[in-house]
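Shown next, in structure tokens, is the structure this report addresses.
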Amino acid sequence: MFYESSDWHSNPDGLIPEAKDFIKLAKAVGARVIACGDLFNLLPMGRESFKGSMAVRELIEALDGYPMDYVSGNHDPYPWVWELFGEVPNIHIIRALDLEMDGRLYHFTHGHQYAIDWAILRHIAPGFIEFMVEHFPRAWYAFSKWMGWVPGQIKPRIEESYRESQRYNDATGIIWRNAIREAQRKNYCVVLGHTHTTAQLRRFIDTDVGIRTVMIDGGDLREGSFVIGGGGDVELAFL
Ligand SMILES: [Mn+2]
């Protein structure tokens, strides 16, 4: 069994309380803890402000040695996560995670690399975006914001409206569409975040497997939504 969540967007002053609850719940049932990116606002705040911060300390304390897979996102680029958590043995830092559980393959990713949908570029875009996030994080972040690919910018702030942040838009649709395409091509279930909006697409696989989820977006943990997997399928869950 696994528990997956993303988009905690914690600031240096502490880990969001929902993340502590999520880890507590997962530990109680012995689930594998997988976090799919944007756990900390390293962008735009800068990784320096997170070194020795309360937020970093509180994640280590909440896990207390319990293993966690940390898939990097666009706000927390892979090399920067390494700078903060590389020394913590129970935190496994990875760009994307492939996992086989109960006879089903899962692909865990943050999802920002699915944002580009320009014809032929679509095929090279994920690798290109990953390269830009790693090597030019600040420039790419600024460009992404300008293009409207950063969800926080295209949706109202969460404090202003609880429901509005769950609103679907075209940028969200492009990300899900590319995730579904990849799920079909690779024959696995894509588990992602980034859009801050929950979604689950189930389709008939074959007579042996039946109907299974091929794409699931756990949404924004600050609103309580996350993903529970096991027994060959996944489902949306709430704190
Ligand atoms: Mn993101």
Cross-link partners of Lys145 among aspartates and glutamates (Cα-Cα below 18 Å; sequence separation of 8 or more within a chain): Asp7, Asp38, Asp76, Asp117, Glu130, Glu134, Asp170
Square roots of five times the Cα gyration tensor eigenvalues for the chain, Å: 25, 22, 17
Table column - 3J(HN,Hα) (Hz), region 209-215, Karplus curve with 6.51, -1.76, 1.60, x for Gly and Pro: 7, x, 8, 9, 6, 10, 8
By average C-beta atoms within 10 angstrom, highest first, the peptides 96-104, 128-136: 128-136, 96-104
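Tell me, what is the percent relative contact order of the chain, built from C-alpha pairs under 8 Å that lie six or more residues apart?
The value is 23 percent.
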Spacing of the two label points (7 Å from each Cα toward its C-beta) at Leu201 and Lys51, in nm: 4.2
Unit charges on C-beta of K, R, D, E only; dipole of the chain, Debye: 500
Where only C-alpha atoms are counted, convex hull volume of region 1-137 per residue in Å³: 106
Trypsin sites (Lys or Arg not before Pro) within region 1-96, DSSP loop, no more than 14 other Cβ atoms inside 10 Å: Lys51
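Every number in this text was worked out from the coordinates using simple rules, so none of it is lab data. Because the structure is a prediction, the values reported are computed rather than measured. Counting neighbours? That spans all protein chains shown, and the Cβs are built from the backbone with ideal geometry, glycine included.
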